[in-house]
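The values are calculated or read from the model by the stated rules, or taken from the named source; none is laboratory data. Not measured: the values here are computed from a predicted model. Using ideal geometry, Cβ is built from the backbone for each residue, glycine included, and neighbour counts are taken over all protein chains shown.
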Amino acid sequence: MTLTLTKDLTRRAVMAAASLTLATLTVATPTWAEEKIADSIHFLIPGGAGGGWDGTARGTGEALTKAGLVGTASFENMSGGGGGKAIGYLIENADSNHGTLMVNSTPIVIRSLTGVFPHNFRDLTLVAGTIGDYAAIVVGKDSSINSMSDLLAAYQANPRKTAIGGGSVPGGMDHLVAAMVMKAAGEDPTGVKYIPYDAGGKAMAALLSGEIAALSTGFSEAVDLANAGEVKIIGVTANDRVAAYESAPTMQEQGIDASFVNWRGFFAAPGLPADKLAMYEAAIAKMYDTPEWEEVRARNGWVNIHNSGADFKTFLEGQEKAIGDLMKELGFL
């Protein structure tokens, strides 16, 4: 049985924090650019630097500003509570955050289901689903593991020494993907030794230091290091090889019947004025037609998706049902 969380996506073409970083990107609008829709957008990122949320927010901001659709973009990393700290901050300071978009993804559904934080997507203003990112299992460049069969052999020989890390909490998305893949390979998904880290950057550092045997992560988070020869991508949860790094084999071609794509999108504070919401929706919709976005999308190996308004809500409700069913099947609920 294929374990696929988001088949519909592929069919559709797919408060202050103790440690927060703030950076601003300002790009002059060229004379040939698209008509500016918004003067500025502040992106709130619920995890640390180097993770999928970070890359999605910064890549979106890059495309919007370089295309001239937005004047300036700024970025704020606010880690904590598996993403719950940033969500709570946005809700508690709603009136002063009408210029803020928070990036999030599948974990906003997973962590609400598991009770990691009390809020869910219904407590926010839904702006737009934006991209899909496949998951990948990655090992260090000097690892003796070169394929999923090698990883499975190491795991079968010594399960406790073959730890798999990820940039999400236990029971979170990276853990869920690792368990899903291991179950599809015939192993007990609850027996996997999973080590959580605060976002993908720290998880990748743990892999490179040898602290973990393999890493469950977003494909886009692994591509640059794979191109630099620092890691080996031994399995991707796409149905076909991804053009951004075509040497990475899929799970399917290695006999593991598992596929997965993680959607990412943007949310705003509750009570966002209708004109502001329409402005953000228009900027993101127009972004897809620009070469600046295509450059960002292609280098990350993302799948274009786009749903806003009622369509985004319907999609999220479908995700809640599909993910809940899978988590029950895997023993996480």
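Here Gly82 fits the description: in contact with a Lys or Arg (Cβ under 9 Å, 6 or more places away or on another chain), assigned to a helix (DSSP H, G or I), outside the structural domain of Val177 (by TED's automatic domain parsing) and under 30 Å from Met287 (Cα atoms). Looking across Ile41, Ile45, one residue alone is closer than 21 Å to Thr217 by Cβ, surrounded by 20 or more Cβ atoms within 10 Å (Cβ to Cβ) and among the hydrophobic types (A, V, I, L, M, F, W, C). It is Ile45.
Looking across region 64-79, the residues that are assigned to a helix (DSSP H, G or I) and over 13 Å from Phe266 (Cβ atoms) come down to Thr65, Lys66. Among the residues of region 255-289, the one identified as of a type outside the set (Val, Ile, Thr), more than 30 Å from Gly309 (Cβ to Cβ) and crowded, with 16+ Cβ neighbours inside 10 Å is Ala258. Contact list please: Cβ distance under 7 Å, first residue in region 34-60 and under 16 Å from Gly166 (Cβ atoms), second residue among the aromatic types (Phe, Trp, Tyr), pairs at least six apart or on different chains. Qualifying pairs under 7 Å: Pro46/Trp53; Gly47/Trp53.
If you check Ser147, Ser209, Ser168 for being touching a helix residue (DSSP H, G or I) at 6+ places or on another chain (Cβ under 6 Å) and either more than 30 Å from Met102 (Cβ to Cβ) or not acidic (Asp, Glu) (or both), only one passes: Ser168. Taken residue by residue, region 133-143 has no member that is assigned by TED's automatic domain parsing to the domain that holds Ala213, at pLDDT 90 or above and part of a helix (DSSP H, G or I). Out of region 59-97, which residues are closer than 23 Å to Val223 by Cα and buried (at least 20 other Cβ atoms within 10 Å of the Cβ)? Scanning region 59-97 gives Gly59, Thr60, Gly61, Ala63, Leu64, Lys66, Phe75, Asn77. From the list Glu230, Glu246, Glu221, the lone residue that is of a type outside the set (Gly, Ala, Ser), surrounded by 16 or more Cβ atoms within 10 Å (Cβ to Cβ) and more than 22 Å from Ala179 (Cβ to Cβ) is Glu230. Out of Pro189, Pro170, one residue alone is farther than 16 Å from Leu225 by Cβ and within 18 Å of the chain's Cα centre (by Cα). It is Pro170. All of Ile305, Ile323 fail the test of being farther than 22 Å from Val242 by Cβ and crowded, with 16+ Cβ neighbours inside 10 Å, apart from Ile323.
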